[in-house]
Amino acid sequence: MAVAVRGGRGGGSALRNFFSYRIFVSAIFTLLFLVTLSVLFSSHHDSTIGNAYFHRSLVSLSSDPLKTRLDLIHKQANDHVALVNAYAAYARKLKLEIAKQLKMFEDLAQNFSDLQSKQNYRSNLFDTDGPLDDDSLKQFEKEVKDKVKFARLLIADSKESYDNQLKIQKLKDTIFAVNELFVKAKKNGAFASSIAAKSTPKSLHCLAMRLMEERISHPEKYRDEDPEPEYEDPTLYHYAIFSDNVIAVSVVVNSVIKNAEEPWKHVFHVVTDRMNLAAMKVWFKMRPIQQAHIEIKSVEDFTFLTSSYVPVLKQLESAKLQNFYFQNSAENATKDVNNMKFKNPKYLSMLNHLRFYLPEMYPTLHRILFLDDDVVVQKDLTALWTIDLDGKVNGAVETCFGSFHRYSQYLNFSHPLVREKFNPKACAWAFGMNIFDLDAWRREKCTEQYHYWQNLNEDRTLWKLGTLPAGLMTFFSKTKSLDKSWHVLGLGFNPSVSMDEIHKAAVIHYNGDMKPWLDIALNQYKELWTKYIDSEMEFVQMCNFGV
């Protein structure tokens, strides 16, 4: 038993010796770690101060509490020196445009170093082996804390320049705010553009008034003449132009004639409204088209166009439709740009829908070329009358590319009838320059097809509005695609149309709101239109058309 007890005591002594050794080794490594930190923190200062501080650090572990307090102050100062230097180095690396801020960081780091080098602090705090001076320590602590406070404020104020997450968030906030402003500006711009597009320019109004004044002043000069036989001659080249814009019609006619090889074979059928009929007739009396033939009529001259026959005229008598177009349109327009566009009453203008009655308006003709009033003709068009349409009714240039301008963009394919009858991927084509085979039209009964779809769309469930969707439905599978050089579009909204493409085109089309006779027209394309204005006409000069 005694042996066992002695052995147990010997084992306990060995265990205690082992743990004492472990504690000693840990203490040595701790001291080495503190020495290393002390050397690192003192790298910015005088070597004498560093050695003295190291000596005190060892002594202060078991002595004056003021020295422990000094150690903490010194460590805090050095930590902020390192932080300030890090921000300064990062600023230099990124080459930020903050030279003043960078100088402040560098000065602040130097101030920390200079503070510890002051003579009274060195003699009373750092270079003494005796007790520390309490007053000097308090003053040193106050100065360090002031500089630390300033360093924190400076870093907090400039943190955004260095914190990528903050910069990213600020950028996102800026993008969002700019996008909100852009959307608002876009709506306001669209609204203003729509008003400008629908308004009658002062110069146009002036021209119409001058022409009317001329008619009233000299009635004997402007009596109606008997129709010319050429108006019904199917062997000639016939054009249909429907417009209430005198100057626009004159540009279309002038551009055709100036580029025609045989102008005497060209016949123009111009139809306008009752209000502008007299002005249109006076213009072409005063400025007759040499050799060519021009017939001018109003919509009312075609007596078969009544509300009992024409769906659009019948729909215009609807109180519901009148409310949709003419009540609160300005208020609704500012809320929805698309709504503003579709509320434009021009989409139900009879001048827009006359194109669906060409065979009845001109019963003796076999073919007719339909031209919008916002086109310019740049080449002889007579080859269009000899194109083989393969039995189709309509010859037109297709406008689709990729997924754009397909039937799905114009028609409501959620409607079962539309989904059943049409292909959403079918390629759309353009109204504005269309060669129509009137014999094929009559054979296919296209006008009756148009009436069928227009009647079904009284509540605007098949398509929103306009004549193109109605045309796409009426002439579906009855349209022959023409070469794109015959008809180039986009000059009224797209500033990127290639000039090479324009110069090669037979017809250029200012479709869109920026018509060439408006102040909002795209300047790079305007001269292509203005060169066909009869600028020598006295009323054009008097009305300041700016050409």
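The values are calculated or read from the model by the stated rules, or taken from the named source; none is laboratory data. Worth saying up front: this structure is predicted, and the values here are computed from it rather than measured. Here the Cβ is made from the backbone with ideal geometry for all residues, glycine too, and neighbour counts use every protein chain on show. Surface areas here come from the heavy atoms of the whole protein model, side chains and all, with no ligands, DNA or RNA. Shrake-Rupley method; radii C 1.70, N 1.55, O 1.52, S 1.80 Å.
As a summary of the residue check, residue 313 satisfies the conditions (1) touching a residue at least 60 places away in the same chain (Cβ under 8 Å); (2) farther than 23 Å from residue 508 by Cα; (3) in contact with a Ser or Thr (Cβ under 7 Å, 6 or more places away or on another chain) except for the one numbered (1).
Only one of the numbered conditions (1) at pLDDT below 95; (2) open to solvent by 40 Å² or more (accessible area, probe 1.4 Å) is violated by residue 400, and that is (2). There is at least one residue in segment 175-185 that is part of a helix (DSSP H, G or I), closer than 30 Å to residue 522 by Cα and acidic (Asp, Glu).
Selection of segment 485-500 for residues being in contact with a helix residue (DSSP H, G or I) (Cβ under 8 Å, 6 or more places away or on another chain), crowded, with 22+ Cβ neighbours inside 10 Å and assigned to a loop (DSSP other than H, G, I, E, B) yields only 491. When segment 388-447 is filtered for residues that are more than 37 Å from the chain's Cα centre (by Cα), part of a helix (DSSP H, G or I) and of a type outside the set (S, T, N, Q), the ones remaining, listed by number, are 438, 439, 440, 441, 442, 443, 444, 446.
Residue check: residue 216 meets all listed conditions (1) closer than 28 Å to residue 542 by Cβ; (2) open to solvent by less than 70 Å² (accessible area, probe 1.4 Å) but one, namely (2).
Within the bounds of segment 431-446, is there any residue that is in contact with a His (Cβ under 7 Å, 6 or more places away or on another chain) and at positive phi? Yes: one or more hits. Among the residues of segment 239-263, none is identified as open to solvent by less than 20 Å² (accessible area, probe 1.4 Å) and acidic (Asp, Glu).
Restricting attention to segment 501-514, report how many residues are within 21 Å of residue 396 (Cα to Cα) and either exposed (fewer than 13 other Cβ atoms within 10 Å of the Cβ) or in contact (Cβ under 8 Å) with a residue 24 or more places away in the chain (or both).
Our first condition is that a residue be within 21 Å of residue 396 (Cα to Cα); within segment 501-514, this holds for 501-512.
Adding the requirement that they be either exposed (fewer than 13 other Cβ atoms within 10 Å of the Cβ) or in contact (Cβ under 8 Å) with a residue 24 or more places away in the chain (or both) leaves 502-503, 505-511.
Counting residues in segment 501-514 that are within 21 Å of residue 396 (Cα to Cα) and either exposed (fewer than 13 other Cβ atoms within 10 Å of the Cβ) or in contact (Cβ under 8 Å) with a residue 24 or more places away in the chain (or both) gives 9.
The set of residues in segment 371-397 being open to solvent by less than 50 Å² (accessible area, probe 1.4 Å), in contact (Cβ under 8 Å) with a residue 24 or more places away in the chain and more than 30 Å from residue 244 (Cβ to Cβ) consists of 387, 389, 391.
Screening 413, 422 for residues that are of a type outside the set (D, E, K, R) and without any contact (Cβ under 8 Å) to a residue 12 or more places away in the chain leaves exactly one candidate, 413.
Would you mind finding the one in 453, 517, 441, 463 that is closer than 30 Å to residue 284 by Cα, of a type in the set (A, V, I, L, M, F, W, C) and surrounded by 13 or more Cβ atoms within 10 Å (Cβ to Cβ)? Give the steps one after another, and end with the answer.
On the way: 453 fails: closer than 30 Å to residue 284 by Cα; 441 fails: closer than 30 Å to residue 284 by Cα; 463 fails: closer than 30 Å to residue 284 by Cα.
So the residue among 453, 517, 441, 463 that is closer than 30 Å to residue 284 by Cα, of a type in the set (A, V, I, L, M, F, W, C) and surrounded by 13 or more Cβ atoms within 10 Å (Cβ to Cβ) is 517.
Scanning segment 212-249 for residues that are in contact (Cβ under 8 Å) with a residue 24 or more places away in the chain and assigned to a helix (DSSP H, G or I) gives 212, 214, 215, 221, 222, 230, 231, 232, 246, 247, 248, 249.
Determine which member of the set 181, 207, 236 is more than 20 Å from residue 298 (Cα to Cα), surrounded by 15 or more Cβ atoms within 10 Å (Cβ to Cβ) and among the hydrophobic types (A, V, I, L, M, F, W, C). Before you say what the answer is, go through the steps one by one.
Numbers: 181 fails: surrounded by 15 or more Cβ atoms within 10 Å (Cβ to Cβ); 207 fails: more than 20 Å from residue 298 (Cα to Cα).
From the options 181, 207, 236, the qualifying one is 236.
Of all residues in segment 470-484, none are under 25 Å from the mean Cα position of the chain (by Cα) and buried (at least 19 other Cβ atoms within 10 Å of the Cβ). Confirm whether residue 535 is among the hydroxyl-bearing types (Ser, Thr, Tyr), surrounded by fewer than 16 Cβ atoms within 10 Å (Cβ to Cβ) and touching a residue at least 40 places away in the same chain (Cβ under 8 Å). So residue 535 does not fit the description; no.
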